[in-house]
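See structure below.
Readers should treat all values here as calculations from the given coordinates under stated rules, not as data from a laboratory. Please read all numbers here as calculations on a predicted model, not as lab measurements. Neighbour counts are summed over all protein chains in view; Cβ atoms, including those assigned to glycine, are modelled from backbone coordinates with ideal geometry.
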Amino acid sequence: MFQRFLDPKILAGIANLELTAKTVVDGFISGLHRSPDFGFSQEFAEYRPYVPGDDLRYVDWNVFARADRLYLKRYRGETNTRVTILLDRSASMRFQSTGVSKIDYARFLAASLAYLAHKQRDAIGFIGFDDEVRDYVEPSSRQGTWLKVLYGIDHAEPGHRTDFAKPFFLFQEMLRRRGIVLVLSDFFAPPEEIIRTVAPLRHRGNDVILFHILDPAEVRPSLEGPRILIDLETGQELEVSPEYAAGAYPARIDAHLEAMRSQAQGAGISYHLLETGRPLDDALREYLTVRQGRL
């Protein structure tokens, strides 16, 4: 039953992105609790002293009444992990053949990942980019940061061409601690260029997950007659025949996807292909597996 709350077409009917994220994550966690194969634990573990900036919701006021000192409850699974989401908001993310567009799918997933990290008491940060860095929120576990990240995701409209170098250079410049880096993009660039740009983050001890978001028509197009295709980022036009779409193109896209997968694996980077019609649970499981691996 919970699976339907992870369906992108159903999520598209929810106007509020925060409600979308909560719907996805609450349904996802409900499913994990029913699963014998995957745990999701937030059991109480111990206390720790309050420090300025901590969320007062986790103060144990009963202890304060007895000891006149502030303590916070810590939970198993609380690792103070820093999670940074990099969202590609380039023009090509606007594409949509059916269901939802790539940018909407990416927004649903990014907001859900951010909310899941927030529930896990992780520090959350955000970078939205095309050919420039358009949004930057420094990772923090404060309540206000989650709302800033959500605002950035919600207002990530497709812009210009993609330039992977600029956001990753900025991120490396601003990086203070190791953590988890989540990249959501359609990755329309040579795989060796992408991995070369991303790999330094892995070398510095970060866990990196690439979420490769594509429309089903980009993976297996179906044309009944010749079409003029327009590159959303360059405006370049290309006439494509049904024979090419059914023959040479699948071989080229399969080679691109295999190169992305194998080169990411070779660099120690997690890679996950997502078509926009797929439910979001596989992506959330991928993130949670990586996160729990840091415990």
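Could you compute the FRET efficiency for I10 and V51, with r as their C-beta to C-beta distance and R0 at 51 Å, rounded to 0.05? It comes to 0.80.
Taking each residue as 0.36 nm, the span from S262 to L147 lengthens on full extension beyond its C-alpha to C-alpha distance by 37.8 nm.
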